[in-house]
Amino acid sequence: MKIASARQMAELDRVSTEQYGIPSLLLMENAGRSCAERILRFLDEKVGAPEEASVAVVCGRGNNGGDGMVIARNLHNRGVYVEVFLLAEEDSLSTDAKIQNGILKKMDVEVRVIRDRDGVEDLRSFLEEVHLCVDAIFGTGLSSPLTGIIREVVEVVNLSLAPVYAVDIPSGIDATTGRILGEAIRADYTGSLGLLKLGQVLLPGSIHCGETEIYDIGIPSKAVFDAEIKIEALDERTVKSMLSIRPPDFHKGDAGRVFIIGGSPGMTGAPCLAGHAAVRMGAGLITVVVPSSLRPVVEAKLMEVMSIGIEDGGGGYFTKEMVPELAERISKADVVVIGPGLGSYADSGPFLRDLIPRIRVPFIVDADGLNALDGQVEVLRTAVAPCTLTPHPGEMSRLTRESIEAIEASRIGSAQHLAEEQNVTVILKGARTIITTPKGDVFINTTGNPYMASGGMGDALTGMVAALASQGLSPTDAACAGVFLHGMSADLLVRRHPMSAVSATDVIENIREALQHTMGEEPMGGDTPK
């Protein structure tokens with residue numbers, strides 16, 4: 001599912017009208033009619049009959065306000081009592097909005113201009129009686145904070161008990177970054193016009209959008225294709241297309257061999273969690289590789305996962321002297337993971353520097369493996385096989401030398417830069433995990449929840465991604481599917497047990513249900529929430 005920035009949407013509108021000859025009024029008509037149909041369904045569910053419903057439509061002076069006027073006209077034609085509250089003088093409206101306003105006047109739809117606080121109070125009073133408020137104040141072009149009467153109107157709408165339907169994007173949200181520009185409408189429903197917007201997916205904007213639907217307003221598909229929009233949202237359909245059904249003669253060798261390198265004193269659980277996740281995600285043969293003195297501990301924790309010990313002289317952690325033996329042991333791998341529980345030791349950096357050029361299959365660097373790259377990220381350029389990095393913002397900060405605040409302010413840009421500069425796939429974890437590729441493609445995950453905030457969650461994700469890669473998925477598809485299913489597993493658990501914390505083990509044990517949900521199949525027990 002393509003996701004557009006504000007600039008890209010403006011360009012698509014321009015191309016549609018100037019190059020394809022589609023009148024802007026037609027696009028506006030399509031937008032307003034699509035939104036009105038959704039609103040009528042809502043009113044039918046909540047009220048029963050359109051003629052018994054009342055709606056407030058709050059319009060700005062631009063084309064978003066024009067969309068709102070089309071909505072008002074369509075609702076009026078279906079018997080809904082509508083009042084339009086206009087946040088601009090009529091002579092300041094955009095060209096298309098002026099036309100729509102003129103039509104409303106001829107239809108005797110009530111249009112009130114809000115000029116001062118008395119107008120704001122009129123709106124407040126009307127909102128006490130309506131069944132729905134439509135936000136058509138600003139569209140995707142807003143870039144400066146809301147002030148004055150407009151901000152007061154947004155606050156009044158938010159304080160009312162009326163459900164809110166936002167046209168295109170809730171007013172006050174930056175459509176490109178998701179930032180709140182001073183104040184923003186908190187919508188229950190949003191009708192996104194043409195394409196999904198970045199501000200509807202990224203936090204905190206996504207929180208304000210409520211239930212979001214995307215409407216085809218007539219923008220040519222060729223125009224969208226030619227725009228080369230590189231950002232996509234991950235959803236069930238996209239991830240389902242990455243997965244395949246196993247043929248009858250499939251065996252464990254076909255499912256791939258995953259080798260997980262990690263472990264240090266007090267941190268043997270991390271590689272074991274990754275191994276357990278790889279099992280649940282379908283890898284055929286999984287081997288956890290640890291310093292030999294830790295192998296008895298690891299053996300006690302593992303059932304369906306094998307283990308190998310690399311002679312460590314009793315130290316319990318990896319050093320560069322262990323690399324030759326290690327490289328030989330992992331030579332049969334289809335995918336290699338480096339980092340879970342590796343520990344932070346002075347030898348970790350040299351160890352990684354010697355190991356990376358010897359890996360001949362796709363590999364994932366996670367957790368302490370990322371910390372070992374601190375100050376030597378250029379080592380990644382010595383890799384001869386595809387590499388995936390899985391940093392959280394703190395690890396990303398150490399890799400890039402950017403502050404955590406700067407990374408969080410531009411998650412997509414930071415992840416893109418690292419991926420392109422080091423020729424790696426990057427999974428930047430966090431709320432709305434970002435996956436970026438060396439070619440500049442970006443995927444934004446739409447699953448996951450705050451109840452996942454617990455230790456070991458990253459190890460589970462790494463094991464899932466490794467398992468998918470071992471079964472033949474490309475590094476990009478493995479990263480996307482792994483991240484999506486990881487979050488989906490937790491989402492299903494939280495739906496079943498609201499407000500309950502989710503552990504990494506919980507997520508791993510629920511992978512089967514996440515797969516069935518994504519593939520559109522009901523589990524045998526029939527108890528997985530849909």
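The values are calculated or read from the model by the stated rules, or taken from the named source; none is laboratory data. The structure displayed is predicted, hence computed values, not measured ones. So basically every Cβ, Gly included, is an ideal-geometry build from the backbone, and we count neighbours across all protein chains shown. Side chains included, ligands, DNA and RNA excluded: accessible areas come from the protein's heavy atoms. Shrake-Rupley method; radii C 1.70, N 1.55, O 1.52, S 1.80 Å.
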Suppose we filter Gly341, Gly349, Gly394 for residues that are modelled with pLDDT of 95 or more and buried (at least 24 other Cβ atoms within 10 Å of the Cβ); which single one remains? Gly341
Mind telling me which of the residues Val365, Val384 ends up being out of contact with any Asp or Glu (no Cβ under 9 Å at 6 or more places or on another chain), surrounded by fewer than 15 Cβ atoms within 10 Å (Cβ to Cβ) and among the hydrophobic types (A, V, I, L, M, F, W, C)? Val384
Quick one: in segment 416-440, which of the residues that are open to solvent by 50 Å² or more (accessible area, probe 1.4 Å) and touching a residue at least 60 places away in the same chain (Cβ under 8 Å) is farthest from Met499 (Cα to Cα)? Arg432
Taking the stated definitions as given, is Glu402 assigned to a helix (DSSP H, G or I), under 28 Å from Gly199 (Cβ atoms), in contact (Cβ under 8 Å) with a residue 12 or more places away in the chain and open to solvent by 10 Å² or more (accessible area, probe 1.4 Å)? no
For Ala514, which of the numbered conditions (1) modelled with pLDDT of 95 or more; (2) open to solvent by 10 Å² or more (accessible area, probe 1.4 Å); (3) over 20 Å from Val337 (Cβ atoms); (4) not polar (S, T, N, Q) fails to hold? (2)
Within segment 72-91, count every residue that is part of a loop (DSSP other than H, G, I, E, B) and under 23 Å from Leu132 (Cβ atoms). 5
Provide a single number: the residues in segment 171-202 that are under 20 Å from Arg41 (Cβ atoms) and open to solvent by less than 20 Å² (accessible area, probe 1.4 Å). 5
Search segment 228-254 for residues being in contact with a strand residue (DSSP E or B) (Cβ under 8 Å, 6 or more places away or on another chain) and either more than 20 Å from Met488 (Cβ to Cβ) or among the aromatic types (Phe, Trp, Tyr) (or both), and hand back the single one that is surrounded by the most Cβ atoms within 10 Å (Cβ to Cβ). Ile231
Number of the condition not met by Asp459 [criteria: (1) surrounded by fewer than 22 Cβ atoms within 10 Å (Cβ to Cβ); (2) touching a residue at least 24 places away in the same chain (Cβ under 8 Å); (3) part of a helix (DSSP H, G or I)]: (1)
Restricting attention to segment 51-106, which residues are under 18 Å from Val156 (Cβ atoms), touching a strand residue (DSSP E or B) at 6+ places or on another chain (Cβ under 6 Å) and either open to solvent by 30 Å² or more (accessible area, probe 1.4 Å) or not β-branched (Val, Ile, Thr) (or both)? Ser54, Ala56, Cys59, Gly65, Gly68, Glu83, Phe85, Leu86
